[in-house]
Amino acid sequence: MRWTEPRRPTLTRYLFVHVLLISALLVTGALFLRDSGWDLRVEDAFYTPALHGFGMRHSVWLELIGHQLLLILPIGLGLLALIAAIAASRFEPLRTWRGVLWAMLASVCIGPLLIGVLKQFTAAHCPWDLVRYGSYADYVQHWFAHARADAGHCLPNAHAGAGFTLIALYFAGWASGRATWRWWGLAAAIAAGIVFSLVRMVQGAHFPSHSLWAAAVDWLVTSLFFLPLIVRRRADHNSGAAQGVAESVNRHDFQ
């Protein structure tokens, strides 16, 4: 399948649609899952009353493959972006990619870092910590903890956030004018985010809304880092088109 690259957005359109609107939709989805009770319904399905816990929590294979080895994907993407970005200063073929590579590296690093910081201040506990699932903590719906000591250290879902960092591939494809890369990158990010989320939900570590919050953070961070690359290309395109028109007029005048 071949995709054609759409026209580049203006700064206003990009900020409204790709920075604010999509981030807000992800947040709205997270709030719906929490307030509608779907968070609890999903985790109830993974809870085993006879064991007074989540049956897959201590699965060696799920922990090794799903929780640890899968991190090779985002970490590998970040390392490749770092190596290529440094090499771009020495190798001519990579120089045109330098901005895209640094934006990818920043997105893959800053998104998970911000998620990790937020977890130190949010109130929500992990499902396996709740009284509902045989532990000690109450289920709360407010976002920030009243005090640092009251933080649940569970919201957003850091593991899902690691998977959703692949959204950098979507924006990299867009910034470089490669539509196929852009849409396959989006598909890869969604697939990785869902798989990473499911692993931790099955283990009883996170609610579905925690994963959507992570997706919102990653999307917001990545869209901001790529903004100057995507919007600037639009401005450059307009400048080139105007120059072409001016040259055409000048040639016509001298004929």
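The values are calculated or read from the model by the stated rules, or taken from the named source; none is laboratory data. This one's a predicted model, so the numbers in the text were calculated from it and none came from an experiment. When we count neighbours, we look across all protein chains shown, and the Cβ atoms used for this are built from the backbone with ideal geometry, even at glycine.
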Test for ASP44: is it charged (D, E, K, R), in contact with a Ser or Thr (Cβ under 9 Å, 6 or more places away or on another chain), surrounded by 13 or more Cβ atoms within 10 Å (Cβ to Cβ) and at pLDDT 95 or above: no
Which condition breaks for VAL202 when tested against (1) within 29 Å of HIS58 (Cβ to Cβ); (2) at pLDDT below 95? (2)
Any idea which residue in segment 121-171 is farthest from MET104 (Cα to Cα), counting only those that are modelled with pLDDT of 95 or more and among the β-branched types (Val, Ile, Thr)? VAL131
Within segment 157-182, can you find the residues that are over 10 Å from the mean Cα position of the chain (by Cα), within 18 Å of SER197 (Cβ to Cβ) and not in a helix (DSSP H, G or I)? ASN157
In segment 94-115, what count of residues is obtained for those that are closer than 17 Å to TRP219 by Cβ and surrounded by fewer than 19 Cβ atoms within 10 Å (Cβ to Cβ)? 4
Check on GLY55, among the small types (Gly, Ala, Ser), surrounded by fewer than 16 Cβ atoms within 10 Å (Cβ to Cβ) and under 24 Å from PHE207 (Cβ atoms): yes
Sort out which residues of segment 62-90 are over 16 Å from GLY163 (Cα atoms) and of a type in the set (S, T, N, Q), and write them in order of number. SER89
Sole exception among (1) hydrophobic (A, V, I, L, M, F, W, C); (2) free of Cβ contacts under 8 Å to residues at least 40 places away in the same chain; (3) more than 22 Å from ILE167 (Cβ to Cβ) for LEU40, by number: (2)
For ILE167, are the conditions met, namely being in contact with a Gly (Cβ under 9 Å, 6 or more places away or on another chain), among the β-branched types (Val, Ile, Thr) and crowded, with 21+ Cβ neighbours inside 10 Å? yes
Here the qualifying pairs (Cβ atoms under 6 Å; residues six or more apart or on different chains; first in segment 195-216 and farther than 18 Å from ALA24 by Cβ; second in a helix (DSSP H, G or I) and of a type in the set (Lys, Arg)) come out as HIS206/ARG200
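Each row is one residue, and each column tells you yes or no for (1) surrounded by fewer than 23 Cβ atoms within 10 Å (Cβ to Cβ); (2) assigned to a helix (DSSP H, G or I); (3) among the polar types (S, T, N, Q); (4) modelled with pLDDT of 95 or more.
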position: GLY185; (1), (2), (3), (4): yes, yes, no, yes
position: SER209; (1), (2), (3), (4): no, yes, yes, yes
position: TRP219; (1), (2), (3), (4): no, yes, no, yes
position: ARG232; (1), (2), (3), (4): yes, yes, no, no
position: ALA235; (1), (2), (3), (4): yes, yes, no, no
position: ASN238; (1), (2), (3), (4): yes, yes, yes, no
position: GLY244; (1), (2), (3), (4): yes, yes, no, no
position: GLU247; (1), (2), (3), (4): yes, yes, no, no
Helices (runs of 4 or more DSSP H) completely within segment 1-102 that count 1 or more residues being within 28 Å of VAL131 (Cα to Cα): 22-35, 38-46
